[in-house]
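Read-outs: derived from the displayed coordinates by stated rules, not from any lab. All figures in this text were calculated on a predicted structure; none of them were measured in a lab. Cβ placement follows ideal geometry from the backbone for every residue including glycine, while neighbour counts extend to all protein chains displayed.
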Amino acid sequence: PLVSMKEMLIKAKKEGYAVGQFNINNLEFTQAILLAAEEEKSPVILGVSEGAGKYMGGFISVVHMVKGLMESYKITVPVAIHLDHGSSFDKCKEAVDAGFTSVMIDASHHSFEENVKITSEVVEYAHAKGVSVEAELGTVGGEEDGVIGGIMYADPQECKALVEQTAIDCLAPALGSVHGPYKGEPNLGFAEMEEISKLTDLPLVLHGGTGIPTKDIQRSISLGTAKINVNTENQIAATKVIREILDNDKKVYDPRKYLAPARDAIKTTVIGKMREFGSSQKA
Ligand code: G3H
Ligand code: ZN
């Protein structure tokens with residue numbers, strides 16, 4: 001069923017695993033991720049960035065596509081459709097009104113006071129419709145959808161205050177992770193992660209899941225991380241397959257001939273992540 005992230009993440013935190021947020025870009029990504037979740041009996045979060053939402057024809061098209069596939073595939077595991085890095089109250093409202101079951105309000109580039117204010121408004125609107133809310137503090141590095149950030153670690157006391165002053169369901173404290181590939185090994189702030197988890201008692205979210213070593217994933221989960229976002233790794237897996245096929249066959253023109261194998265590559269990648277995050281067989 002289509003559900004919010006709230007119960008999923010509370011259960012994940014309690015039982016010591018993380019639910020993957022896998023970003024969707026088109027039909028094939030959505031198919032692959034839903035099929036992987038059902039096969040693994042794993043809860044799953046479909047991440048939709050504002051840019052990807054626009055690409056897929058708008059939030060309403062996204063909701064209809066996801067619902068259609070869930071019905072055709074007879075999906076039984078919990079699925080959330082989540083706005084990734086919502087940039088304003090209006091964008092979050094648009095997603096909620098379209099039928100998203102979860103939103104992230106990323107007001108982390110505003111002042112702390114402004115972040116609290118915008119996040120509270122989103123929580124009030126979303127919770128009235130049973131939609132869960134993720135907020136962010138600090139800055140995730142790298143680039144995603146044209147949003148460029150230098151790394152800035154979240155401040156534990158600000159995290160505590162944000163959680164106390166809003167009623168968010170989960171918190172993404174930026175602690176050294178990066179969108180897109182890492183240059184070298186990530187340098188995650190585990191001490192802060194532990195402190196923030198204790199101070200807030202909320203499921204934490206780890207952005208920039210692509211390229212984080214398994215030992216860091218496991219440590220993050222043990223310190224209260226219950227949601228891990230992955231986008232780039234699936235994009236790389238899909239594009240690699242398509243590039244190989246097109247390089248090897250100059251005559252191919254039916255898009256299904258390269259998109260179906262790309263879809264399989266995404267599904268395999270997602271299954272690997274679900275096992276790594278420990279969410280398999282937890283639905
Ligand atoms: O919000 C989405 C994620 O943080 C994706 O990060 O593309 O590095 O896997 P990634
Ligand atoms: Zn992110």
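What are the pairs with Cβ atoms under 6 angstrom where one residue, in the stretch 75-94, is more than 17 Å from TYR125 (Cβ to Cβ) and the other, located anywhere, is part of a helix (DSSP H, G or I) and of a type outside the set (Ser, Thr, Tyr)? Sequence gap at least six, or different chains.
Once the first residue is more than 17 Å from TYR125 (Cβ to Cβ) and sits in the stretch 75-94, its partners that are part of a helix (DSSP H, G or I) and of a type outside the set (Ser, Thr, Tyr) give ILE75/LEU34; ILE75/GLU38; VAL77/ALA37; VAL77/GLU38; PRO78/MET8.
Search the stretch 225-257 for residues being in a helix (DSSP H, G or I) and among the β-branched types (Val, Ile, Thr), and hand back the single one that is surrounded by the fewest Cβ atoms within 10 Å (Cβ to Cβ).
THR239
For the stretch 264-275, which positions are among the charged types (D, E, K, R), within 30 Å of PRO203 (Cβ to Cβ) and away from ligand 1 (no atom under 13 Å from the Cβ)?
LYS267, ARG275
Among the residues of the stretch 76-118, which ones are among the hydroxyl-bearing types (Ser, Thr, Tyr), surrounded by 21 or more Cβ atoms within 10 Å (Cβ to Cβ) and away from ligand 2 (no atom under 16 Å from the Cβ)?
Across the stretch 76-118, the qualifying residue is only THR101.
In the stretch 205-258, what residues are away from ligand 1 (no atom under 16 Å from the Cβ), without any contact (Cβ under 8 Å) to a residue 60 or more places away in the chain and among the hydroxyl-bearing types (Ser, Thr, Tyr)?
Of everything in the stretch 205-258, those that are away from ligand 1 (no atom under 16 Å from the Cβ), without any contact (Cβ under 8 Å) to a residue 60 or more places away in the chain and among the hydroxyl-bearing types (Ser, Thr, Tyr) turn out to be TYR253, TYR258.
Counting only residues that are away from ligand 2 (no atom under 16 Å from the Cβ) and closer than 18 Å to LEU9 by Cβ, how many does the stretch 195-225 have?
Selection size over the stretch 195-225: 12.
Would you mind telling me which numbered condition in (1) buried (at least 16 other Cβ atoms within 10 Å of the Cβ); (2) in contact with a Leu (Cβ under 9 Å, 6 or more places away or on another chain) ALA36 fails?
(2)
Report, by residue number, each residue of the stretch 258-279 that is surrounded by fewer than 19 Cβ atoms within 10 Å (Cβ to Cβ) and polar (S, T, N, Q).
The one that is surrounded by fewer than 19 Cβ atoms within 10 Å (Cβ to Cβ) and polar (S, T, N, Q): THR268.
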